[in-house]
1. Give the residue, chosen from 57, 38, 14, 27, that is over 25 Å from residue 116 (Cα atoms) and at pLDDT 95 or above.
2. State yes or no: is residue 197 surrounded by fewer than 23 Cβ atoms within 10 Å (Cβ to Cβ), within 16 Å of the chain's Cα centre (by Cα) and without any contact (Cβ under 8 Å) to a residue 60 or more places away in the chain?
3. Would you pick out the residues in segment 232-248 that are assigned to a loop (DSSP other than H, G, I, E, B), touching a strand residue (DSSP E or B) at 6+ places or on another chain (Cβ under 9 Å) and over 20 Å from residue 97 (Cβ atoms)?
4. With closer than 30 Å to residue 175 by Cα, surrounded by fewer than 19 Cβ atoms within 10 Å (Cβ to Cβ) and at pLDDT 95 or above as the only criterion, which of 89, 65 stands out?
5. Quick one: in segment 180-191, of everything that is crowded, with 24+ Cβ neighbours inside 10 Å and out of contact with any strand residue (DSSP E or B) (no Cβ under 6 Å at 6 or more places or on another chain), which residue is farthest from residue 241 (Cα to Cα)?
6. When residues of segment 231-244 are filtered for being touching a residue at least 24 places away in the same chain (Cβ under 8 Å) and farther than 11 Å from residue 309 by Cα, how many remain?
7. Does residue 208 count as surrounded by fewer than 21 Cβ atoms within 10 Å (Cβ to Cβ) and either in contact (Cβ under 8 Å) with a residue 40 or more places away in the chain or out of contact with any helix residue (DSSP H, G or I) (no Cβ under 8 Å at 6 or more places or on another chain) (or both)?
8. Restricting attention to strands (runs of 3 or more DSSP E) lying wholly within segment 249-328, give those where 1 or more residues are modelled with pLDDT of 95 or more, buried (at least 16 other Cβ atoms within 10 Å of the Cβ) and at positive phi.
């Protein structure tokens, strides 16, 4: 993601009640086929005055408390529109595309994971044990360090826990421009990838490589790699209904892209840096077996830094169940698409704008949230 550094200032929170998006609707198939053109979606502010929010997480079915990662290095919880004092503070390299970038909870809610760039710029994945609603003092454990100090940009930074209880991590290509370090196609590097690890201790090791990973046990390849050929996968998510994977990958100079994989697919090469969107990059040929994105957005339309989102799996917004929502930090525009068999079937601009949209979040019952770097978090609601 480009120029992620955001608004800093005193936290003054609006006295707004955090109404969980879709709290009264279970994630069940819609009664009628989706008609995206007929959906009427609005934004409702649920908190303001945060400091550069870049990640949103919920802990299990707790509908009363939202956890927010602030890029400057702290995690807070938001309840009834009010932010707590920082639950955790990190010493980070901040500004631009660095800082505290992602958080996620284990499926049982007992562990909290964070993705940060340390003062040198290296990526660190850190675990805490939860005690009540807070991380337990002294429980901090470092799982993984990924060297990333040559350039400050393209860190990725998103974390997701899969239905398999594995920890998935998005990592940018190492920065510079055009994949300076040639990491996207290098399966002996963790940069430019989606990773999959078992975050539990394994003897003296802080984590282990799940046996189902595509390069596990292969000489000259990194076993933690799940997907590769990515430039800066800033935000990715799993569809809670079917576990399909959606990736928002920030482009170079011409195209932004959304990548897609059906549940269970692995080892997919999305083409960077030979490809940008559907097009050759610097004359690069499509790598054998690589996959084009599901969709692209041209910079001619004003986009410049895509923010991947989630598939909407609540039923509180009519004609919207099954729509994947995403945005762009530069335009602030929110859009939605549906797909079938890896091809876009419906697409529309939602006529909603969030200045410097930085991230999306999924509530306990499939409703969606979106955040602005200016410090405001919104829920998507029926218009």
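The values are calculated or read from the model by the stated rules, or taken from the named source; none is laboratory data. All values reported here derive from a predicted model rather than from experimental measurement. In this analysis, Cβ positions are derived from the backbone assuming ideal geometry, glycine residues included, and neighbour counts consider all displayed protein chains.
1. Working: 57 fails: over 25 Å from residue 116 (Cα atoms); 14 fails: at pLDDT 95 or above; 27 fails: at pLDDT 95 or above.
Going through 57, 38, 14, 27 in turn, the sole match is 38.
2. no
3. We begin by selecting, within segment 232-248, every residue assigned to a loop (DSSP other than H, G, I, E, B); these are 232, 239-244.
Then keep just the ones that are touching a strand residue (DSSP E or B) at 6+ places or on another chain (Cβ under 9 Å); that gives 232, 239-242, 244.
The answer is 239, 240, 241, 242, 244.
4. Values: 65 fails: closer than 30 Å to residue 175 by Cα.
The unique qualifying residue is 89.
5. In this case the residue turns out to be 183.
6. As a first pass, look at segment 231-244 and keep what is touching a residue at least 24 places away in the same chain (Cβ under 8 Å): 231-241, 243-244.
Cutting the leftovers down to farther than 11 Å from residue 309 by Cα gives us 231-233, 240-241, 243-244.
The qualifying residues number 7.
7. yes
8. Once the strands (runs of 3 or more DSSP E) in segment 249-328 are filtered for at least 1 residues that are modelled with pLDDT of 95 or more, buried (at least 16 other Cβ atoms within 10 Å of the Cβ) and at positive phi, nothing remains.
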